[in-house]
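Worksheet: the structure to be examined is printed underneath.
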Amino acid sequence: MRYTLEPIHCRPWLVSYLSIKLIESHYENNYGGALRRLNAITEQLESIDFANTPGYVINGLKREELIALNSTLLHELYFASLGGEGKVNDAMAAVLARDFGSVDRWRDEFVAMGNALGGGSGWVVLVYVPRDRRLVNQYASEHTQAVAGGIPILALDMYEHAYHMDFGANAKAYVGAFMRNVDWKAVHARYEDAAKVAPPRPLVQPEYGDLPGVGVEEVKAMLEGGKPVQVIDARPRASVSRSQDIMEGATWRDPERVKEWAGELSKSDPVVVFCAYGFHVGCNTAIALRDLGFDAKYMTGGHSAWKAIGGPTKIYG
């Protein structure tokens, strides 16, 4: 399995107290780095002969997989949390008051947890627990302790207290006995319940209706496979000047002059358009090209998403 990149959810220019440079670096390097690391670990795990691989190798890979997976999930939640005004709305205030006693009580705990991590590392997460139908504040040190948003349906306790009285130090015998006693009917029932829980709401831009988009991973595969595709970098001139790099295989065009350069494109080959983050400029340029008869799509996540997956770039100019 290959994990794919989520486009940046916040619009960095709407974030008042964090710089665009910081947000872009966080997204491209930290989130993108975790995703690339996760895919590299997954690829290695898929190639392993588990029956003949030393336990310490499996332990190391699965530990690093957990760290990379949770880092990926938590970063996606982090970016999705930005872009507002910092005021708890009435509906959310009622939920916080129900579960914590008051909004202030929740905030005091959440802030204190964040302060307590000062000089250290980890996450503070507000988590909904479906079993209890309530919210809790949770630490996630080293990106671990739980898979963010996970709903377990089967668990094997490997602490000694779970098997020592019956099996002594013979953990392998205990695992064998456990597997022979799994209630798979109950496991399947839990799976059905878990499957009914909706995944996180995807990024939606209703103002662009049915405008088709294409993921950065698919664009990368098209270019690497030699498929005929015209890739247009439609970032505003100021954005290109600031970043000074461009996606390899792309041609920069001024989004304000679509009708002037559209005639240079071929209508027989598809067109992929992108801007900085995959929002208005790229979408509007793709719409303009479609109105002119081109098979145009916008690249979700834009230039920043391309860099986050490690897509090749070059100095513009």
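The values are calculated or read from the model by the stated rules, or taken from the named source; none is laboratory data. Since the model is a prediction, treat every value here as computed from it, not as a measurement. We place every Cβ from the backbone using ideal geometry, glycine too, and count neighbours over all the protein chains shown. Ligands, DNA and RNA are excluded from the accessible area calculation, which covers all protein heavy atoms including side chains. Shrake-Rupley method; radii C 1.70, N 1.55, O 1.52, S 1.80 Å.
Remind me, relative contact order of the stretch 212-317 in percent, using alpha carbon pairs under 8 angstrom and six or more residues apart?
Reported relative contact order: 35 percent.
How large a share of the accessible area of the stretch 1-99, in percent, is made up of carbon and sulfur atoms when the probe is 1.4 Å and the other protein chains stay in place?
That share works out to 54 percent.
How many percent of the accessible area of the stretch 190-317 is carbon or sulfur, using a 1.4 Å probe?
Percent of accessible area from carbon and sulfur atoms in the stretch 190-317: 50.
Out of residues 5 or more away from I232 or on other chains, whose amide H comes under 5 Å of its own, with H placed 1.01 Å from N in the peptide plane?
The answer is T251, V272, V273, F274.
Membrane-span-like helices in the chain: DSSP H runs reaching 30 Å or more (Cα, own axis), mean Kyte hydropathy at least -1.0? Don't jump to the answer; show the numbers that get you there.
Details: long enough: 55-80 (37 Å, 0.32).
Counting only whole DSSP H runs, the qualifying helices are 55-80.
Under a point-charge model restricted to the Cβ atoms of Lys and Arg (+1) and Asp and Glu (-1), what is the dipole moment magnitude of the stretch 45-158 relative to its Cα centre, in debye to the nearest 20? Working shown, then result.
Values: 9 positive and 14 negative charges, 67 e Å.
Charge dipole of the stretch 45-158: 320 debye, to the nearest 20.
How do the peptides 250-257, 164-171 rank, highest first, by the average count of neighbouring beta carbon atoms within 10 Å per residue?
Those peptides, ordered most packed to least, come out 250-257, 164-171.
When we measure straight from the Cα of K62, which lysines land under 25 angstrom away, once same-chain ones fewer than 8 places off are left out?
K172
Under unit Cβ charges (Lys, Arg +1; Asp, Glu -1), what dipole magnitude, rounded to 20 debye, does the chain have relative to its Cα centre?
220
Among 237-248, 195-206, how do they line up by average Cβ neighbours within 10 Å per residue, starting with the highest? If you can, show how the numbers build up before the last one.
Details: 237-248: 14.6, 195-206: 9.1.
Per-residue mean Cβ counts within 10 Å order the peptides as 237-248, 195-206.
Between K87 and L22, how high is the FRET efficiency from 1/(1 + (r/R0)^6) when r is the Cβ-Cβ distance and R₀ = 25 Å? Nearest 0.05.
Working: r = 23 Å, r/R0 = 0.91.
With a Förster radius of 25 Å, E is 0.65.
Here is the link list: K259/K314; K220/K259; K87/K314; K227/K314. Which ones come out longer than 31 Å on Cα distance?
Violating the 31 Å Cα-Cα cut-off are K87/K314.
Which distance in nm do the two modelled labels at R242 and E142 give, with both placed 7 Å along the Cα-to-Cβ direction?
3.8
Ordered by residue, what ³J(HN,Hα) values in Hz, to whole numbers, does the stretch 132-143 give under the Karplus form 6.51 cos²θ - 1.76 cosθ + 1.60, where θ = phi - 60° and Gly and Pro are x?
9, 6, 8, 9, 9, 8, 9, 7, 9, 5, 6, 6
Just checking my list [x] 63, 51, 40; [y] 79, 54, 40; [z] 85, 59, 38 against Cα extents along the principal axes in Å computed from this structure; which label fits?
So the calculated entry is the one marked [y].
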